[in-house]
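The values are calculated or read from the model by the stated rules, or taken from the named source; none is laboratory data. Note that the structure is predicted; figures quoted are calculated from it, not measured. Here the Cβ positions follow ideal geometry from the backbone for every residue, glycine too, while neighbour counts run over all protein chains shown.
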Amino acid sequence: MAEQEIVVDKERVDYEGIFSVAELYRLIDEWFLDKGYYRFEPRHVESAKPEGKFVELDLQPTKQLTDYAKSVLKIRVQLSNIKDVTVEGAEGVKQRLNQGKVHLVFTGVLETDYEGKWEGKPLFMFIRTVYDKYVYKTLTGGFQQTVKDDILQLKNNIAGFLNLHRYTT
């Protein structure tokens, strides 16, 4: 079994107001594509309620850093009270947007020995522990920084996108 190290734990973005759900999804998907992450969505729940639509999805994109280490981002997206609204922009152009609450939680994980090659025998396990602690430690630090940078960049891109709608409507 792979060893998982949590690098960034539960960074949050909360927003309430007008935004575009489709543009938010597109922003996230394009970011994954640009950074070389494989998109994986283990859970997607939608329901319609009287106060608005509710959407909850878990995303777990992965990116192979080496044959030994990979980056796993765990993102929980909760959209609640989502309603369609029509907003008139600065030039008098009407736009169809959404109004509601957005809650995102980001966790960044560095996964090592994800193929389980070093767990067959106790001697291999010991060698892996020594290797991780003394030899591979300098490289692991760089991988941890990569995971941290990716999570914070995605978080800032989404927060900037959501805050942009505060000033354009």
Output for the stretch 82-113, where each listed residue is farther than 19 Å from residue 23 by Cβ and outside any strand (DSSP E or B)
92, 113
Yes or no: the stretch 45-53 includes at least one residue that is in contact with a Lys or Arg (Cβ under 9 Å, 6 or more places away or on another chain) and within 28 Å of residue 142 (Cβ to Cβ).
no
Filter pass, residue 16 being more than 16 Å from residue 147 (Cα to Cα) and exposed (fewer than 12 other Cβ atoms within 10 Å of the Cβ)
no
I need a count of the residues in the stretch 27-56 that are within 12 Å of the chain's Cα centre (by Cα), hydrophobic (A, V, I, L, M, F, W, C) and either assigned to a loop (DSSP other than H, G, I, E, B) or over 27 Å from residue 112 (Cβ atoms) (or both).
2
In the stretch 101-116, anything at pLDDT 90 or above and among the aliphatic types (A, V, I, L, M) is listed as 102, 104, 105, 109
Tell me which of these residue 95 doesn't satisfy, since it passes every other one: (1) touching a Gly at 6+ places or on another chain (Cβ under 7 Å); (2) polar (S, T, N, Q); (3) surrounded by fewer than 11 Cβ atoms within 10 Å (Cβ to Cβ).
(3)
